[in-house]
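Visitor: Have a look at the structure that comes next, please.
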C-alpha cells in the first residue's frame, strides 16, 4: 500500500493494474488495522499532509475491510510466528487475512 501511494509511476503501475478489478467492489480488499498504522506513521511524523490524506482516502474506500485484531487473531498470529519465524507485524497481517478468508467461506 505504501508503494501504491508513495511510489513512482513505474512502481505504481503494476500495483494499480493488480487492484483495478477491486475498484468499487465492496469489501474486496482485506488488511489489518496495523496496515493503517504502518502507512500513516511516516507522513504523519513528517507533516506530509497530502500523503496522509491519500492514505486516509484509500483506507476509507468501500473496497477496504479492516477486521479488528481479536483474541483469535492474536492466537493464530502467535502460532504462525512460532512456526514460520515471522516478525510480529507479518504474523498479524497473515492471521488477519486467514480469519477473513474463513469468514468468507
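Visitor: Quick test for you: out of 73, 69, 64, pick the one residue that is touching a strand residue (DSSP E or B) at 6+ places or on another chain (Cβ under 7 Å), crowded, with 16+ Cβ neighbours inside 10 Å and either farther than 18 Å from residue 6 by Cβ or without any contact (Cβ under 8 Å) to a residue 40 or more places away in the chain (or both).
Guide: On inspection, the qualifying residue turns out to be 64.
Visitor: Now for a different question. Could you check how many residues of the stretch 76-98 are more than 18 Å from residue 22 (Cα to Cα) and touching a strand residue (DSSP E or B) at 6+ places or on another chain (Cβ under 9 Å)?
Guide: 1
Visitor: Okay, next question. Since residue 52 meets every condition but one in (1) touching a helix residue (DSSP H, G or I) at 6+ places or on another chain (Cβ under 6 Å); (2) within 21 Å of residue 91 (Cα to Cα); (3) modelled with pLDDT of 95 or more, which condition does it not meet?
Guide: The failed condition is (2).
Visitor: Taking the conditions exactly as written (crowded, with 16+ Cβ neighbours inside 10 Å and closer than 25 Å to residue 91 by Cα), does residue 36 satisfy them or not?
Guide: Criteria met by residue 36.
Visitor: Also, I was wondering about something else. Answer yes or no: is there a residue in the stretch 18-25 that is surrounded by 14 or more Cβ atoms within 10 Å (Cβ to Cβ), touching a helix residue (DSSP H, G or I) at 6+ places or on another chain (Cβ under 9 Å) and closer than 30 Å to residue 70 by Cα.
Guide: There is at least one residue in the stretch 18-25 that is surrounded by 14 or more Cβ atoms within 10 Å (Cβ to Cβ), touching a helix residue (DSSP H, G or I) at 6+ places or on another chain (Cβ under 9 Å) and closer than 30 Å to residue 70 by Cα.
Visitor: Okay, moving on. Looking at this structure, is residue 51 touching a residue at least 60 places away in the same chain (Cβ under 8 Å) and under 16 Å from residue 5 (Cα atoms)?
Guide: no
Visitor: Looking at the stretch 53-80, which of its residues are within 13 Å of residue 33 (Cα to Cα) and part of a loop (DSSP other than H, G, I, E, B)?
Guide: If the condition is that a residue be within 13 Å of residue 33 (Cα to Cα) and part of a loop (DSSP other than H, G, I, E, B), then 60, 66, 67, 68, 69, 70 are the ones that fit.
Visitor: On to the next question. Out of (1) without any contact (Cβ under 8 Å) to a residue 24 or more places away in the chain; (2) part of a helix (DSSP H, G or I); (3) surrounded by 12 or more Cβ atoms within 10 Å (Cβ to Cβ); (4) more than 13 Å from the chain's Cα centre (by Cα), the odd one out for residue 86 is which?
Guide: Failing condition for residue 86: (2).
Visitor: Okay, moving on. Starting from the stretch 23-38, keep only residues that are free of Cβ contacts under 8 Å to residues at least 24 places away in the same chain, then list their pairs with residues that are surrounded by 12 or more Cβ atoms within 10 Å (Cβ to Cβ) whose Cβ atoms are within a distance under 6 Å, requiring at least 6 positions of separation or different chains.
Guide: Close Cβ pairs satisfying both conditions: none exist.
Visitor: What's the total number of residues in the stretch 1-34 that are out of contact with any strand residue (DSSP E or B) (no Cβ under 6 Å at 6 or more places or on another chain) and not in a helix (DSSP H, G or I)?
Guide: Total satisfying the criteria: 10.
The values are calculated or read from the model by the stated rules, or taken from the named source; none is laboratory data. The shown structure was predicted, so the numbers you read here are calculated from the model rather than taken from an experiment. Ideal geometry is used to build each Cβ from the backbone, glycine not excepted, and the neighbour counts take in all protein chains shown.
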